[in-house]
Amino acid sequence: MEYVSTRGGMQAQPFSAILLEGLARDGGLTVPAAYPKLTGPALAALRPLDYRGLAFALLSLFADDIPPAELRTLVDRTYTASTFGSDEITPLLTLEPGVLLLRASNGPTLAFKDIAMQLLGNLFEHALDRGQRDLNILGATSGDTGSSAEYAMRGKRGIRVFMLSPKDRMSPFQTAQMYSLTDPNIFNIAIDGVFDDCQDIVKAVAADAAFKRDMRIGTVNSINWARVAAQIVYYFKAYFAVTKRDGEPVSFAVPSGNFGNILAGHVARRMGLPIRRLILATNENDVLDEFVRSGRYRVRSPDETLQTSSPSMDISKASNFERFVFDLADRDAAKVRELWARVERDGGFDVGGTPLEARLRESGFVSGRSTHADRIATIQAVADNYRIVVDPHTADGIKVGLENRENGVPLICIETALPAKFAATIREALGREAARPAAYVGIEALPQRYAVLPPDVAAVKSYIAARAA
């Protein structure tokens, strides 16, 4: 398996060469030169595998330059019952016949991002042991990526984490999960802006080849392909758990902020998994919903990016969206360069009436939007009807998923996080606190350690340079 850039300016590279990287040197994102195809007997052979076996089989396709015995050890070390609560890793809960919830948030930070991030931590440590001296990870978070990355990387040999987050725009629980960590290799930086400011800084640093080389910068954001590859696994696992025979269709409802989770479903579909619909759910920051519905992509300014009760989706520039558009453009890197030049010049583009729109209609994507009132109503309805409590992002996904459900096609809603991370919204919806693991009781009262910086690339570079080994 070799990897290329969505913008065409990178020589094909193996998995290990792109593992520690963020953006490609031409500013694009790394993608497989071709997706592996799993149909017929190859798909059937995966059905009986447990989660670890399935993860090893699928990741072997994307990381074929890691010796199989070493990759198997990394997978087995990552996906354990002690880390994720059961050997199922992502168990399925039936809400009603034909409607299921993929429980993806049982990892150490109570968010689906642990599934990829725990693997990434072990992959990074493995790569460093094989010759890279050390690594300074720069990331950006709108809420859950940061804590998942920090918990996966704390104590890892030769790794320091510099995590940017939007000041005062995460839930108190999310903030405390990150800022209360005292590990000496963890550095939290609160940016006085929105998530897109944080993400823009990460991309600007990644585009500075000299600084990136000298400071040995890597990334854990969803621009890192390894995260996408790890998330592909639970689409296959859910499919096999819901269906009895290969070829039966299912649909997935996915709350989407940075487009990484649903991109993994798109790749699984391209690999041959019989996904009928990928139902994309946004909150009031509906850039992606607008694109799926109309073909128009319009980036919002920081002033237009709303602060909502599903804060991890308060994003107007979804990084992984470029990978999806690369596929819509039939992998034409020149077309992608042209479209992103329009984003830089005009703030967006419109593919209406072009071959890209035709491919969008064939991609399996549909979408919808959810508001605060919708989230509250959905949390109440799910609690009343199914006797479980879901977080506001998962509520967005369930609401939009049910609106786009087709008769006879199972609907799998992917859980984003546990409700304990969003106490105020749960209190508003249900008039009571969400249950939380004992280890997190009182976390908001712990001392917090972080720096506040302006949304300025030079300021962040100076901060990193002063602390990087």
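Laboratory data are not the source of any read-out in this text; all were calculated from the coordinates shown. Everything numeric here is computed off the predicted structure, so don't read it as measured data. A quick note on method: Cβ atoms are made from the backbone with ideal geometry, for glycine too, and the neighbour counts reach across all protein chains shown.
Observations on the structure shown:
- Cβ crowding within 10 Å ranks C198, C413 as C198, C413, fewest other Cβ atoms first.
- Segment 358-437: GluC sites (Glu not before Pro) in DSSP coil with no more than 10 other Cβ atoms inside 10 Å: E362
- Label-to-label distance for D330 and E2 is 2.2 nm, based on points extended 7 Å past Cα in the beta-carbon direction.
- Once the trypsin sites (Lys or Arg not before Pro) in DSSP loops with at most 14 neighbouring Cβ atoms within 10 Å are cut out of the chain, the longest remaining piece is 246-386.
- Hits among aspartates and glutamates - C-alpha to C-alpha of K203 under 15 Å, sequence gap 8 or more where chains match: E21, D26, E322, E344, D456
- Packing-based exposure ordering (other Cβ within 10 Å, fewest first) of L49, L356: L49, L356
- Percent of beta bridges antiparallel (DSSP, the chain, rounded to nearest 5): 25
- Modelled spin-label separation between E403 and A459, with each label point placed 7 Å from Cα along the Cα-to-Cβ direction: 3.8 nm.
- Modelled label positions at R361 and E96, each set 7 Å beyond Cα in the direction of Cβ, lie 3.2 nm from each other.
- Note that segment 147-154 has calculated 3J(HN,Hα) couplings of 5, 4, 5, 5, 5, 6, 9, 4 Hz, one per residue in order, obtained from phi through the Karplus relation 6.51 cos²θ - 1.76 cosθ + 1.60 (θ = phi - 60°); glycine and proline are x.
- Residue-by-residue Karplus 3J(HN,Hα) for segment 27-41, coefficients 6.51, -1.76, 1.60, Hz, glycine and proline x: x, x, 10, 6, 9, x, 4, 7, 7, x, 10, 10, 10, x, x
- Kirkwood-Stokes translational diffusion coefficient of segment 381-469, alpha-carbon pairs, 25 °C, 0.890 mPa s, µm²/s: 146
- Near the amide H of R276, within less than 5 Å, lie the amide hydrogens of V250, S251, all on another chain or at least 5 residues away, with H placed in the peptide plane.
- Projecting the Cα positions of W225, A204, F240 onto the charge dipole of segment 181-274 (unit charges on Cβ atoms of Lys, Arg, Asp and Glu, taken about the Cα centre) puts F240 furthest along the positive direction.
- For E2, nonlocal amide neighbours, meaning residues 5 or more places apart or on other chains whose placed amide H falls under 5 Å from its own, are A33, A34.
- Considering only A318, V292, H126, the residue lying farthest towards the positive end of the dipole of the chain is H126, judged by Cα position with unit charges set on Cβ.
- Under 20 Å from the Cα of K237 - lysines, other chains or at least 8 residues apart: K37, K113
- The residues M271, M117, when put in order of fewest to most other Cβ atoms within 10 Å, stand as M271, M117.
- Rounded if a/c under 1.5, otherwise prolate or oblate - segment 92-238, Cα gyration tensor axes: prolate
- Rounded to the nearest Hz, the phi-derived 3J(HN,Hα) couplings of segment 60-72 under the Karplus curve 6.51 cos²θ - 1.76 cosθ + 1.60 (θ = phi - 60°) are 4, 6, 9, 10, 7, 9, 8, x, x, 5, 5, 5, 4, where x marks glycine and proline.
- Within the chain, helix-based [θ] at 222 nm, where runs of 4 or more DSSP H residues each add -39,500 (n - 2.57), nearest 500: -12500 deg cm²/dmol
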